[in-house]
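Have a look at the structure below before the remarks.
The values are calculated or read from the model by the stated rules, or taken from the named source; none is laboratory data. Remember, predicted model here, so these are calculated numbers, not experimental data. Because the Cβ atoms are built from the backbone with ideal geometry, glycine has one as well, and the counts that use them run over all protein chains shown. Note: areas computed on protein heavy atoms with side chains; ligands, DNA, RNA excluded. Shrake-Rupley method; radii C 1.70, N 1.55, O 1.52, S 1.80 Å.
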Amino acid sequence: MHQHSHGPVIQPCDSSESAHQHSRERFGHHHGHSHAHPHPTLKPSVLGWAIVATLALVVAEIVGGFLGRSVALLNDAVHNLSDVPALGISWLAMRWAERPADTEKTYGYHRAGTLAAFTNALVLVFLSLWLGYEAFERLRAPVNVIASWMIWTSVAALAVNGGITLALVRGRNDLNLRSILIHNFGDALSNIAIIAGAIAIRITGAQWLDPILGLAIGLLVLWSSVGILRESSHILLEGRPREMRVEEVARAMLTIEGVHEVHDVHIWSLGGGHNALSLHARVPDMHMDACERILISIQEKAAKHFRIDHTTVQLERAGLPATSGYVMPEPAKK
């Protein structure tokens with residue numbers, strides 16, 4: 001503590017005696033937010049219209065599949081039917097994400113979309129396995145299909161899935177919406193494949209092409225779903241954002257004047273493009289106004305260089321033995 005003869009008492013930045021002291025009553029623990037919060041680029045009503053269009057498509061493909069005796073078309077109808085709960089969950093997640101933080105969900109509801117993506121992907125993994133089994137059974141016992149029903153039903157399906165895909169492109173940076181985008185893009189590709197297969201069946205009479213297409217659709221669903229499942233579970237498990245490196249962030253903080261060392265660096269995603277950072281920084285004894293400048297510099301660098309909008313900083317006195325987890329003892333060259 002420092003005292004001036006003609007002024008108020010000026011306290012040092014932090015007087016904690018241990019690298020693990022986290023008392024919130026002291027000035028050493030701060031956290032702040034930048035104001036660069038990303039916002040969804042799509043309104044929930046877009047997903048509402050997508051649900052209505054997808055339901056109409058499912059009905060059309062079921063009718064076309066039965067009349068045309070096509071397992072590929074029926075499998076694609078089931079595939080599109082799985083979009084309905086996926087779109088519904090995503091619509092609900094978008095509405096939840098708009099809700100502000102409260103005393104129970106202090107970080108807000110940003111991970112509602114991530115949870116929706118995880119749920120959708122898990123359902124699709126099991127669905128793809130079922131589609132693959134059905135296609136294999138049809139390979140063992142081929143059925144004559146009516147190619148014209150396959151062609152015209154798939155053309156209508158392609159128009160619907162293509163339209164939904166284009167409508168969702170603007171939200172591709174959101175994991176929740178990206179899971180729907182990838183799924184609908186896969187639907188559009190499967191429609192093209194069914195059209196091509198139906199034309200080939202009409203020309204060559206090769207009925208085995210229909211179950212092969214069904215198997216290919218199942219594999220496509222599995223491939224896209226596993227990627228979404230891996231990424232959403234990474235976020236739910238507090239994983240580091242893929243585009244960031246802990247060491248890179250730590251060394252960037254060491255370029256700030258007055259920061260001698262940083263450790264206990266943690267970076268995670270809150271979902272919806274929101275990232276958070278917490279760290280301990282060792283600084284020399286200084287007045288509180290100087291501490292505030294260091295805190296602001298750390299928050300600004302995190303927001304500007306790494307798009308981190310929630311930063312928590314624990315300031316500690318420099319020179320004490322480092323016993324914490326992630327230590328960067330050597331400052332970077334200014």
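List of remarks:
- L270 meets the conditions (1) touching a Ser or Thr at 6+ places or on another chain (Cβ under 6 Å); (2) open to solvent by 10 Å² or more (accessible area, probe 1.4 Å); (3) at pLDDT below 90; (4) not β-branched (V, I, T) in every case but one. The failed one is (1).
- With respect to the stated conditions, G258 fails to be open to solvent by 10 Å² or more (accessible area, probe 1.4 Å) and part of a helix (DSSP H, G or I).
- Applying a threshold of 6 Å to beta carbon distances and a minimum spacing of six or more residues, or different chains, the list of pairs starting in the stretch 98-127 at a residue that is over 16 Å from S225 (Cβ atoms) and ending at one that is in a loop (DSSP other than H, G, I, E, B) and among the hydrophobic types (A, V, I, L, M, F, W, C) reads G108/A101.
- Check on S190, of a type in the set (G, A, S), under 22 Å from the mean Cα position of the chain (by Cα) and closer than 29 Å to S90 by Cα: no
- Some residue of the stretch 214-233 being farther than 30 Å from A135 by Cα and not small (G, A, S): no
- Of the residues making up the stretch 273-304, those that are in contact with a strand residue (DSSP E or B) (Cβ under 8 Å, 6 or more places away or on another chain), open to solvent by 50 Å² or more (accessible area, probe 1.4 Å) and either part of a helix (DSSP H, G or I) or closer than 12 Å to V259 by Cβ (or both) number 2.
- Candidate set from the stretch 214-223 (those that are open to solvent by 20 Å² or more (accessible area, probe 1.4 Å) and in contact (Cβ under 8 Å) with a residue 12 or more places away in the chain); member that is farthest from the chain's Cα centre (by Cα): L215
- Screening Q207 on (1) part of a helix (DSSP H, G or I); (2) in contact (Cβ under 8 Å) with a residue 60 or more places away in the chain; (3) not aliphatic (A, V, I, L, M) shows it passes everything except condition (1).
- Filter result for A116 (under 22 Å from H274 (Cα atoms), part of a helix (DSSP H, G or I) and at pLDDT 75 or above): yes
- Only residues that are in contact (Cβ under 8 Å) with a residue 60 or more places away in the chain and over 14 Å from S269 (Cα atoms) were counted in the stretch 228-238, giving 2.
- Breaking point among (1) more than 15 Å from the chain's Cα centre (by Cα); (2) under 13 Å from F306 (Cβ atoms), for A276: (1)
- Which numbered condition H263 misses (of (1) open to solvent by less than 20 Å² (accessible area, probe 1.4 Å); (2) modelled with pLDDT under 90; (3) out of contact with any helix residue (DSSP H, G or I) (no Cβ under 9 Å at 6 or more places or on another chain)): (3)
- Among residues of the stretch 65-93 that are closer than 17 Å to N191 by Cα, those with a Cβ under 8 angstrom from a residue that is open to solvent by 40 Å² or more (accessible area, probe 1.4 Å) and at pLDDT below 75, sequence gap 6+ or separate chain, pair up as R69/V143; V71/V143.
- Evaluation of L131 against (1) in a helix (DSSP H, G or I); (2) within 30 Å of H310 (Cα to Cα) (one fails), failing number: (2)
- Residue check for D210: of a type in the set (D, E) and within 30 Å of L158 (Cβ to Cβ): yes
- Neighbours by Cβ (under 9 Å, 6+ apart or cross-chain): first from the stretch 134-146, open to solvent by less than 60 Å² (accessible area, probe 1.4 Å) and outside any loop (DSSP other than H, G, I, E, B); second acidic (D, E) and at pLDDT 80 or above: A135/D210; R138/D210
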